[in-house]
1. Here are some residues: Met132, Met146. Which one is farther than 25 Å from Cys24 by Cα, of a type outside the set (Phe, Trp, Tyr) and part of a helix (DSSP H, G or I)?
2. Is one or more of the residues making up segment 43-56 surrounded by 13 or more Cβ atoms within 10 Å (Cβ to Cβ) and in contact with a Pro (Cβ under 8 Å, 6 or more places away or on another chain)?
3. Please determine, by comparing only the residues of segment 69-124 that are of a type in the set (Phe, Trp, Tyr), buried (at least 16 other Cβ atoms within 10 Å of the Cβ) and assigned to a helix (DSSP H, G or I), which one is nearest to the chain's Cα centre (by Cα).
4. Which one is farthest from Met94 (Cα to Cα) among residues in segment 1-40 that are touching a residue at least 12 places away in the same chain (Cβ under 8 Å) and out of contact with any Asp or Glu (no Cβ under 8 Å at 6 or more places or on another chain)?
5. Please enumerate the residues belonging to segment 100-111 that are out of contact with any Asp or Glu (no Cβ under 9 Å at 6 or more places or on another chain) and either touching a residue at least 60 places away in the same chain (Cβ under 8 Å) or within 16 Å of Asp42 (Cβ to Cβ) (or both).
Amino acid sequence: MKNNKNILDERQEQILLRIEHNGCWLAFWGLLAAIIVQLILDVDFRNLAGEWIVFVLLSLYLSVGCIRQGIWDRRMKPDVSSNVVNSLITAFAMGMLGFVRTVRRFPDKILGSTASGIVYAVMAFVVCFVIMQLFAFQFKKKQSRMEEEPPEGEENDKADIL
């Protein structure tokens, strides 16, 4: 027998949403940490593919879901300066990852490892910045559509949830 009725009160529903929220972010950051550790240890990509697929799918789901709902972030605005700062942070992390991976393979080639880290950083900055700018453009487009008045006679109270 299937019981689809929600038996939680509002307080319990809020607590459950908080638990699910924390679990989602624990999974996100845990997967990212596992991927980074495996990359540093030079694990073959075939052994990393499962975590990578789950991480990318979770990232896409969260990103697309937020944009579809007209949500960007609690603290940041979808502008160029925020995207540059976030891209620089990503570039630094990826540059360090590239440097560490190369040093582990070739311990006597510090200059080459530094160049490798710089290449990783530049590529990560460009990719991250372009993706964030595209998402910001889509977000602003969605927000402007949401702010428009719905046509008279039509009610639009249903949320468009993924």
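The values are calculated or read from the model by the stated rules, or taken from the named source; none is laboratory data. Predicted model, so just to flag it, every value in this text is computed and none were measured. All Cβ positions, glycine included, derive from the backbone under ideal geometry; neighbour counts span all protein chains shown.
1. Values: Met132 fails: farther than 25 Å from Cys24 by Cα.
Result: Met146 is the single residue among Met132, Met146 that is farther than 25 Å from Cys24 by Cα, of a type outside the set (Phe, Trp, Tyr) and part of a helix (DSSP H, G or I).
2. no
3. Going residue by residue through segment 69-124, those that are of a type in the set (Phe, Trp, Tyr) are 72, 92, 99, 106, 120.
Remaining after also requiring buried (at least 16 other Cβ atoms within 10 Å of the Cβ): 72, 99, 120.
Next, from what is left, pick out any that are assigned to a helix (DSSP H, G or I): 99, 120.
Values: Phe99: 23, Tyr120: 19 Å.
It comes out as Tyr120.
4. Filtering segment 1-40 down to residues touching a residue at least 12 places away in the same chain (Cβ under 8 Å) leaves 24, 27-28, 31-32, 34-36, 38-40.
In the following step, the residues that additionally are out of contact with any Asp or Glu (no Cβ under 8 Å at 6 or more places or on another chain) were identified as 24, 27-28, 32, 36, 39-40.
Details: Cys24: 23, Ala27: 20, Phe28: 17, Leu32: 12, Ile36: 10, Leu39: 11, Ile40: 11 Å.
Checked segment 1-40; the qualifying residue farthest from Met94 (Cα to Cα) is Cys24.
5. Step one: list which residues in segment 100-111 are out of contact with any Asp or Glu (no Cβ under 9 Å at 6 or more places or on another chain), which gives 100, 102-103, 106-111.
Scanning segment 100-111 gives Val100, Thr102, Val103, Phe106, Pro107, Lys109.
Residue-by-condition table, conditions (1) under 28 Å from Thr114 (Cβ atoms); (2) touching a Phe, Trp or Tyr at 6+ places or on another chain (Cβ under 9 Å); (3) of a type in the set (S, T, N, Q):
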residue	(1), (2), (3)
Asn6	no, no, yes
Gly23	no, no, no
Gly30	no, no, no
Arg46	no, no, no
Tyr61	no, no, no
Gly65	no, no, no
Pro78	no, yes, no
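Condition check ((1) aliphatic (A, V, I, L, M); (2) closer than 30 Å to Gly98 by Cα; (3) not assigned by TED's automatic domain parsing to the domain that holds Arg104) across all residues:
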site	(1), (2), (3)
Asn6	no, no, yes
Ile19	yes, no, yes
Gly23	no, yes, yes
Ala34	yes, yes, yes
Leu39	yes, yes, yes
Trp52	no, yes, yes
Val56	yes, yes, yes
